[in-house]
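Step one of this worksheet: look at the structure below.
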Protein chains: 2
Amino acid sequence: MLYSKIFGKTQKETKKYEAKNQELLTKAGFIDQLASGIYTLLPLGKRVLTKIENIIRQEMEKIGAQEIEMPLLHPKILWEKTQRWDSVDVLFKTKSQYHQEYALAPTHEETVTPLMKKILKSGKDLPIALYHITKKFRDEPRPKSGILRGREFGMKDLYSFHKDKDDLHQYYQKVIDAYLNVFYRCGLKEIKITEASGGSFTKKFSHEFNVLTNAGEVDLIYCNSCSFAQNEEVATKKQNDPCPKCQTPLKKGKAIEVGNIFDLETRFSQAFDLKFIDDDGQEKYVVMGCYGIGTTRLIGAIVEVYHDEKGIIWPEEVSPYQVHLVGLNLNERKIKEKCYNYYQRLNKEGIEVLFDDRENVSSGEKLVDSDLIGIPYRLVISKKTKENVEVKKREENKSKIVSLEEAIKLFKK
Amino acid sequence: MLYSKIFGKTQKETKKYEAKNQELLTKAGFIDQLASGIYTLLPLGKRVLTKIENIIRQEMEKIGAQEIEMPLLHPKILWEKTQRWDSVDVLFKTKSQYHQEYALAPTHEETVTPLMKKILKSGKDLPIALYHITKKFRDEPRPKSGILRGREFGMKDLYSFHKDKDDLHQYYQKVIDAYLNVFYRCGLKEIKITEASGGSFTKKFSHEFNVLTNAGEVDLIYCNSCSFAQNEEVATKKQNDPCPKCQTPLKKGKAIEVGNIFDLETRFSQAFDLKFIDDDGQEKYVVMGCYGIGTTRLIGAIVEVYHDEKGIIWPEEVSPYQVHLVGLNLNERKIKEKCYNYYQRLNKEGIEVLFDDRENVSSGEKLVDSDLIGIPYRLVISKKTKENVEVKKREENKSKIVSLEEAIKLFKK
């Protein structure tokens, strides 16, 4: 992609932003705020989201979950059946002029459970796991934290259906592993799996997947030496208490919640009378689990964790492009030709390249923009590089001069 | 994919459906109706939608359009600026408990125009074309026609921005070609490009892309010998009049509208004061075009055109799977082993296979289901086929016995 053509370029605004992710994603041209808690993804941001969604699809497929797409308009009667029409305080509602009322989906238990009731023919078909990736709506009092908490946001939600608790618990563990894979591939390698409250979903505890960062909204009591972590809201331990697993003094810190999983038991299958006949001839309620990953929130979390004073530092698998080719001294015909030739060659090799082909922008400004956008590899072509190219990783300070062939090998490894 | 595992199987319901697409897509396990005009896509339906969306992305990329993702909640003030808050009769509205009011997007001129105003720096950056693929909401009085007309549906909308009318008209023609490519690849080879009214978008005529079928909601006056076609609402000619282009007597018929394009002129750039400074130093309003394809509607249109009394007949490029492998006599160990071996082999070749591995279902029922689901190639393995396989195209009556290798060549061509 030619940077001169891309819609949404870097900005030098000095406006005050509420959150670092909002500031960097806005200044680097990934997002645009339409209203409080409501964002447009510009081409660079949309590419990041698509990469995250495809990682999730791959990991969901590995655990046998099937992709569907459920509606965002939910008839009122479904939310009345679960007693959530009046009790969920973030619920947006809309009314047809032809009298039907709808909830704007903040979650999908109210549609996936009656769907399963219609389609499940036999207990032999259990377990079943269904997921979809769609918009969600939540009427947050005061959306802040950039794209970490919005009134409209992207989410992957997965629902699993089981004969009994044992089977749910086995699948629950598989989802934990799949989620850790997703976050790991998104560059988030240190995830705290945290006990938390079940909210409006279940009276049992739930588990959150938290990324430690001062930009977070969740307060954690956690152990640095082992996996122990509790959301402070439900914590039985406090800072400096010995860890119940390994005795290390516990720490307190802020985190961003990027995923959560709930053991729903039969809360929703009872509401919708979702039953099956078990091997013993008894009619039983289906046992359910639900599991969410905030997809647009994940973009914000990655930026909170991976940035420096110059800009974003994208992890390789979610970067909008693999390589940022920066052409300097483009007013010299030979250098310009070389840039376009190398750009075409990289494209032919199947490498995703953003090529800064702008001719009316100074070298300094181009390098500053490249750091702000944060693509993992920068490849500079200039008077100095002769027949070679200068390669630098965004996270490192040192660059090296190599041939194009060597650079290609590096990007393809 | 193993058919025994798939969520959403064939049904033998004898219920009365309003539309053929709804009947076949429901019975074959592609969709489930949640409420009037609101549908869930089951795994088979979601696969078709994903294929359509990817065809559209490829064709949009070819004409230089960039993918973004705009919000579905639109602040009221934006719709007031265009005088459409009160005048668009299908507009769903919702109100935050914190006082903001929003439209649920039925279209996106109200967000894309102010977005361009924020980001466009210079007339030199024009033309620009942006598209996204999202849900849309329209408060239809009485949704009918299955997934052809819903209260919530999928749509690709493209917006283009130009210095002048000439430039818009050039791009408009490029979009016409891109749209014809999309429809052609979706199997819809006979599209009538039709003059129609501009609705709430523009006072000028618009153009519709119509597929002739009795299931349609649009009345056309058209010529069978040339490209002439008019929506009856705006038609200057009537049935049996000589065609103004080629003198053939005109026909009248029903059609499904699968796409539409509008010359918006400066209707929205004036509302949002979207201007640029032209080469002559004058400030001018940006000239805009908008272009839509109903993605879920397209699924319905394809089914209306491609079905017979037995079921759906998917065009190859949008079929949920390329090959329906039907295993008969699976109670015989050798045949069962062969089925699973061949299934794995086809998967390894990168061929998308739906394998009917059910053991408790009769051969007759499996063949009936295969016709209903409508995957283009059926591949039967049974006692009769010995080491070979029986291949049949869904649209043909004759089958032939070939080796697996010959079948693979056929699927890969």
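The values are calculated or read from the model by the stated rules, or taken from the named source; none is laboratory data. This one's a predicted model, so the numbers in the text were calculated from it and none came from an experiment. Counting neighbours? That spans all protein chains shown, and the Cβs are built from the backbone with ideal geometry, glycine included.
Say we look at the stretch B:41-54 and pick out the residues that are closer than 12 Å to B:Val318 by Cβ and free of Cβ contacts under 8 Å to residues at least 40 places away in the same chain; which of these is farthest from the other protein chains (Cβ to nearest Cβ)?
Narrowing the stretch B:41-54 to residues closer than 12 Å to B:Val318 by Cβ: B:44-45, B:47-54.
Right, trim to free of Cβ contacts under 8 Å to residues at least 40 places away in the same chain and you get B:50, B:54.
On the way: B:Thr50: 8, B:Asn54: 11 Å.
Here the answer is B:Asn54.
Would the stretch B:177-191 turn up any residue that is within 14 Å of chain A (Cβ to nearest Cβ), within 29 Å of B:Val318 (Cα to Cα) and surrounded by fewer than 22 Cβ atoms within 10 Å (Cβ to Cβ)?
Quick first cut of the stretch B:177-191, residues within 14 Å of chain A (Cβ to nearest Cβ) only: none.
No, the stretch B:177-191 has no match at all.
Condition first: more than 8 Å from every other protein chain (Cβ to nearest Cβ), surrounded by fewer than 19 Cβ atoms within 10 Å (Cβ to Cβ) and among the aliphatic types (A, V, I, L, M). Now tell me which residues in the stretch A:115-132 satisfy that.
Answer for the stretch A:115-132, where residues must be more than 8 Å from every other protein chain (Cβ to nearest Cβ), surrounded by fewer than 19 Cβ atoms within 10 Å (Cβ to Cβ) and among the aliphatic types (A, V, I, L, M): A:Leu120, A:Leu126.
Determine, yes or no, whether B:Gly281 is on the phi > 0 side of the Ramachandran plot and out of contact with any Asp or Glu (no Cβ under 9 Å at 6 or more places or on another chain).
On the way: on the phi > 0 side of the Ramachandran plot: yes; out of contact with any Asp or Glu (no Cβ under 9 Å at 6 or more places or on another chain): yes.
Taking the combined requirement at face value, the residue satisfies it.
Which is in the same structural domain as A:Glu59 (by TED's automatic domain parsing), buried (at least 22 other Cβ atoms within 10 Å of the Cβ) and of a type in the set (D, E, K, R), of A:Glu80, A:Glu109? First the steps, then the outcome.
Values: A:Glu80 fails: buried (at least 22 other Cβ atoms within 10 Å of the Cβ).
After applying the criteria, what remains is A:Glu109.
Restrict the check to the stretch A:320-335 and report whether at least one residue is of a type in the set (Gly, Ala, Ser), at negative phi and either surrounded by fewer than 16 Cβ atoms within 10 Å (Cβ to Cβ) or modelled with pLDDT under 95 (or both).
Applying the first criterion (of a type in the set (Gly, Ala, Ser)) to the stretch A:320-335 yields A:327.
From the residues that got through so far, the ones that are at negative phi too are A:327.
Within this subset, residues satisfying the condition of being either surrounded by fewer than 16 Cβ atoms within 10 Å (Cβ to Cβ) or modelled with pLDDT under 95 (or both) are A:327.
Scanning the stretch A:320-335, I find at least one residue that is of a type in the set (Gly, Ala, Ser), at negative phi and either surrounded by fewer than 16 Cβ atoms within 10 Å (Cβ to Cβ) or modelled with pLDDT under 95 (or both), so the answer is yes.
Residues in the stretch B:22-40 that are facing chain A (nearest Cβ under 9 Å) and of a type in the set (A, V, I, L, M): how many?
3
Restricting to the stretch B:64-94, and then to whatever is touching a residue at least 60 places away in the same chain (Cβ under 8 Å), within 13 Å of another protein chain (Cβ to nearest Cβ) and assigned to a loop (DSSP other than H, G, I, E, B), can you tell me which residue is farthest from B:Ile147 (Cα to Cα)?
The extreme case among them is B:Gly64.
Is there a residue being hydroxyl-bearing (Ser, Thr, Tyr) and either at pLDDT 95 or above or under 18 Å from A:Thr10 (Cα atoms) (or both) anywhere in the stretch A:385-398? Show your work before the answer.
Going residue by residue through the stretch A:385-398, those that are hydroxyl-bearing (Ser, Thr, Tyr) are A:385.
When the remaining residues are screened for being either at pLDDT 95 or above or under 18 Å from A:Thr10 (Cα atoms) (or both), the result is none.
Checked against the condition, which is being hydroxyl-bearing (Ser, Thr, Tyr) and either at pLDDT 95 or above or under 18 Å from A:Thr10 (Cα atoms) (or both), the stretch A:385-398 yields no hits at all.
Filter the stretch A:8-21 for residues that are away from every other protein chain (no Cβ under 13 Å) and of a type outside the set (Lys, Arg) and give the result.
Of all residues in the stretch A:8-21, those away from every other protein chain (no Cβ under 13 Å) come to A:14, A:16-21.
Across the stretch A:8-21, the qualifying residues are A:Thr14, A:Tyr17, A:Glu18, A:Ala19, A:Asn21.
Just for the stretch B:115-142: of the residues that are in a loop (DSSP other than H, G, I, E, B) and of a type in the set (Lys, Arg), which one is farthest from A:Lys5 (Cα to Cα)?
Just the residues of the stretch B:115-142 that are in a loop (DSSP other than H, G, I, E, B), to begin with: B:120-122, B:126-127, B:138-142.
In the following step, the residues that additionally are of a type in the set (Lys, Arg) were identified as B:121, B:138, B:142.
On the way: B:Lys121: 12, B:Arg138: 34, B:Arg142: 44 Å.
Checked the stretch B:115-142; the qualifying residue farthest from A:Lys5 (Cα to Cα) is B:Arg142.
Which of (1) within 11 Å of another protein chain (Cβ to nearest Cβ); (2) among the basic types (Lys, Arg); (3) assigned to a loop (DSSP other than H, G, I, E, B); (4) in contact with a Lys or Arg (Cβ under 9 Å, 6 or more places away or on another chain) does A:Arg57 not meet, given it meets every other one?
For A:Arg57, the failing item is (3).
Can you tell me which residues in the stretch B:95-114 are within 16 Å of A:Gln33 (Cα to Cα), at the interface with another protein chain (Cβ under 8 Å from one of its Cβ atoms) and assigned to a loop (DSSP other than H, G, I, E, B)?
Across the stretch B:95-114, the qualifying residue is only B:Gln100.
Taking A:Glu140, is it touching a residue at least 60 places away in the same chain (Cβ under 8 Å), facing chain B (nearest Cβ under 10 Å) and surrounded by fewer than 21 Cβ atoms within 10 Å (Cβ to Cβ)? Working first, answer last.
Working: touching a residue at least 60 places away in the same chain (Cβ under 8 Å): yes; facing chain B (nearest Cβ under 10 Å): yes; surrounded by fewer than 21 Cβ atoms within 10 Å (Cβ to Cβ): yes.
Criteria met by A:Glu140.
Please tell me if B:Asp125 is in contact with a Phe, Trp or Tyr (Cβ under 9 Å, 6 or more places away or on another chain), farther than 17 Å from B:Arg297 by Cα and assigned by TED's automatic domain parsing to the domain that holds B:Asp273. Can you show your working first?
Working: in contact with a Phe, Trp or Tyr (Cβ under 9 Å, 6 or more places away or on another chain): yes; farther than 17 Å from B:Arg297 by Cα: yes; assigned by TED's automatic domain parsing to the domain that holds B:Asp273: yes.
It is true that B:Asp125 is in contact with a Phe, Trp or Tyr (Cβ under 9 Å, 6 or more places away or on another chain), farther than 17 Å from B:Arg297 by Cα and assigned by TED's automatic domain parsing to the domain that holds B:Asp273.
Is it fair to say A:Gln170 is without any contact (Cβ under 8 Å) to a residue 60 or more places away in the chain, out of contact with any helix residue (DSSP H, G or I) (no Cβ under 8 Å at 6 or more places or on another chain) and outside any loop (DSSP other than H, G, I, E, B)?
Values: without any contact (Cβ under 8 Å) to a residue 60 or more places away in the chain: yes; out of contact with any helix residue (DSSP H, G or I) (no Cβ under 8 Å at 6 or more places or on another chain): yes; outside any loop (DSSP other than H, G, I, E, B): yes.
Spelling it out, A:Gln170 is indeed without any contact (Cβ under 8 Å) to a residue 60 or more places away in the chain, out of contact with any helix residue (DSSP H, G or I) (no Cβ under 8 Å at 6 or more places or on another chain) and outside any loop (DSSP other than H, G, I, E, B).
Across the stretch B:17-54, what is the total count of residues that are farther than 30 Å from A:Leu42 by Cβ, assigned to a helix (DSSP H, G or I) and either touching a Cys at 6+ places or on another chain (Cβ under 8 Å) or β-branched (Val, Ile, Thr) (or both)?
Residues in the stretch B:17-54 being farther than 30 Å from A:Leu42 by Cβ, assigned to a helix (DSSP H, G or I) and either touching a Cys at 6+ places or on another chain (Cβ under 8 Å) or β-branched (Val, Ile, Thr) (or both): 1 in total.
Do any helices (runs of 4 or more DSSP H) lying entirely in the stretch A:292-376 carry at least 3 residues that are acidic (Asp, Glu), and which ones are they? Give the steps one after another, and end with the answer.
Numbers: elements: A:295-305, A:333-348, A:363-373.
Helices (runs of 4 or more DSSP H) meeting the threshold: A:363-373.
Just name the residue that is nearest to the other protein chains (Cβ to nearest Cβ) out of those in the stretch B:143-164 that are touching a helix residue (DSSP H, G or I) at 6+ places or on another chain (Cβ under 8 Å) and in a loop (DSSP other than H, G, I, E, B).
To start, the set of residues in the stretch B:143-164 that are touching a helix residue (DSSP H, G or I) at 6+ places or on another chain (Cβ under 8 Å) comprises B:145-150, B:153-156, B:158-163.
Cutting the leftovers down to in a loop (DSSP other than H, G, I, E, B) gives us B:145, B:149-150, B:163.
Working: B:Ser145: 17, B:Arg149: 14, B:Gly150: 9, B:Lys163: 16 Å.
Ranking the candidates gives B:Gly150 first.
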